[in-house]
1. Using the structure shown, decide if ARG72 is of a type in the set (D, E, K, R), in contact (Cβ under 8 Å) with a residue 60 or more places away in the chain and under 30 Å from LEU163 (Cβ atoms).
2. Closer than 21 Å to ALA131 by Cβ and open to solvent by 10 Å² or more (accessible area, probe 1.4 Å), is that true of LEU168?
3. Please go through segment 235-289 and pick out each residue that is outside any loop (DSSP other than H, G, I, E, B), of a type in the set (D, E, K, R) and crowded, with 18+ Cβ neighbours inside 10 Å.
4. Looking at (1) buried (at least 22 other Cβ atoms within 10 Å of the Cβ); (2) modelled with pLDDT of 95 or more; (3) within 27 Å of ARG90 (Cβ to Cβ), which is the only condition ARG199 fails?
5. Identify all residues within segment 48-57 that are buried (at least 20 other Cβ atoms within 10 Å of the Cβ) and either in contact (Cβ under 8 Å) with a residue 60 or more places away in the chain or of a type in the set (Phe, Trp, Tyr) (or both); write none if there are none.
6. Could we say that ALA221 is assigned by the TED database to the domain that holds PHE147 and modelled with pLDDT of 95 or more here?
7. When both residues are 6+ apart or on different chains and their Cβ atoms are under 6 Å apart, which pairs have a first residue that lies in segment 175-203 and is among the charged types (D, E, K, R), and a second that is open to solvent by less than 50 Å² (accessible area, probe 1.4 Å)?
8. Assuming GLU67 fulfils every condition listed in (1) closer than 20 Å to ALA126 by Cα; (2) open to solvent by 70 Å² or more (accessible area, probe 1.4 Å); (3) not hydroxyl-bearing (Ser, Thr, Tyr) apart from one, which condition is it?
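The values are calculated or read from the model by the stated rules, or taken from the named source; none is laboratory data. Since this is a predicted model, take the numbers as computed values, not measurements. Using ideal geometry, Cβ is built from the backbone for each residue, glycine included, and neighbour counts are taken over all protein chains shown. Protein only, heavy atoms only, side chains kept; ligands, DNA and RNA dropped before computing areas. Shrake-Rupley method; radii C 1.70, N 1.55, O 1.52, S 1.80 Å.
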Amino acid sequence: MDTAGFTARLEQARTTDPRERDRICAEVAADLAAAGVQPGFEVNSADLGGDPYFRCADRYWRSRFEERPTARTALECARWMAVHVTDGSRGVVAEQWGLGNGFLNRGGLEPTADLAAAAGEAGTGAAGEQAAYFLTLFHAGKLRANFCFDELHAFLSSSPLALAAGPLRDEPVFVALRSFAAFGSRALTVSYARELLERAWSAAGRTRHTVDICLNGLALAAPFEGQGELLRSHAEEAVEAYPRDHMFHARLAAGLHMCGQHDAALDRIDTALTLLAGSPTASLGVLQDQYLARRDAIQEGRLRALRDTEQQRRWDRQTAANVRLERSLHTSSVRVVEVVAVFTAAIAFAVGSLQVTLTGDLSLADRLWLLAAQGAGLALFALLTVGGTWLITRSRREEDLGGG
C-alpha cells in the first residue's frame, strides 16, 4: 500500500478549494477501505473543513460504521485513535466520531449483552477506559438520536460499558448527556436535570458537543416554567462563542420562539439555514429538514400572534365602547332623576300657588309670603334630591374614571 502516495494527495488537498478538498479526501478514504487497511497518518485536529487528514479519516471511519454500525467497529476505531490521534485532539475527535456516527447509525441499536461483551474487550487501564468511553459515546449517540431518554439515563448510570469508562464519566459531555436524558424523562425532575445542565455548562473543559447536547436537552424537555428564557440565554452564549455554528443559531431560534419573539426567531433560523448550506456536515439533509420544520413553526406562531393581537385589539375596543355606553346610560339615569325632582317641585309649586291664590281670605302680602315660603321649600326639596343623587352616584363615577 502506497502510504506516501496517500499522504502526498492529502497534502495537495490543503491548497485546494473546499469542494476539491472534499473530493480528494473521499477518494483516499475509499481507496483505503477498498484495500482493507486503516489510515496510517496522524490526526492532530478535529477541523472537518480545513484539515484534510481529519477529513479523510472521518470519511474512512464513517464508511466503516455505515457498513457495520456495531460496538466492535467502535472498538477498532477507539484503538486506532489511541495510536493515530494526538493527545490534545483525542477527546474532541472521540466526541465527534462517537456521537456523530451514533446519530448517523441510530437505527442499529445493539442488545445489552453485546454491549457488555464490548466492555470486556475494551481492556483495563487508561487505554481501556478511553476505549470504553468512546464506545459509550457511540451507543449514547444512538439513544439520543432516537429520543430514548429513560434508556439513555439507565445506560449512562449503570451499564457495564459506561462504568468501564471510569473517571472519564465526569467529562462535561458525559454529564451533558445525563442532563439531556433527565430533561426528556418523565420519571426525573426538572430540578435534577437543571443541576446536571449547570454542572456541564460551567465545566472548565466544556466542548462544542457539550454545549450542543445541553441546548438540545433544554429544547426537547417537557414544558416547564422559564424554559424558553433559559434556552434563549444559554443559546445566546453559545452563538457568541461559536458565531459560525448553524446548530446554535437554530437553538437560539427555538428559544426565541418559546419566548414569543417570533421576528427575532425567524432571523436566527434563516441564519442557521444559510450557515448550514456552507457546512461540510454529513447530515445536511436531515438538519435542513429540521430547520425548515422549525421555520414553519415559527411562521405559524408569528401569524397566530398577529391574529391574537388583532383579536385582543378588537376586544379592547369593544370593552371600551361598552364602558362608554355604561357610563352614558348611568349619567342619563342620574340626569332623569334630577329632572324629575325639579319638575315635581315645579308642579307642586304651581298647584300650591293656585290654591293659595284662588282660595282663602289672606291679604296679598300674606299670600306672597306664603308663596315665597312654599317656593323656597320646594326649591330646597329639589336641591336636596339633586344633591343626594349626586352624592349617591359620586363613588360610581370615580370608580369609572379610575378604571378608564
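1. Numbers: of a type in the set (D, E, K, R): yes; in contact (Cβ under 8 Å) with a residue 60 or more places away in the chain: no; under 30 Å from LEU163 (Cβ atoms): yes.
No, not satisfied.
2. On the way: closer than 21 Å to ALA131 by Cβ: yes; open to solvent by 10 Å² or more (accessible area, probe 1.4 Å): yes.
Taking the combined requirement at face value, the residue satisfies it.
3. ARG251, ARG268
4. (1)
5. To start, the set of residues in segment 48-57 that are buried (at least 20 other Cβ atoms within 10 Å of the Cβ) comprises 51-57.
The answer is TYR53, PHE54, ARG55.
6. Values: assigned by the TED database to the domain that holds PHE147: yes; modelled with pLDDT of 95 or more: no.
Spelling it out, it is not the case that ALA221 is assigned by the TED database to the domain that holds PHE147 and modelled with pLDDT of 95 or more.
7. ARG178/LEU156; ARG178/LEU196; ARG199/VAL175
8. Every listed condition holds for GLU67 apart from (1).
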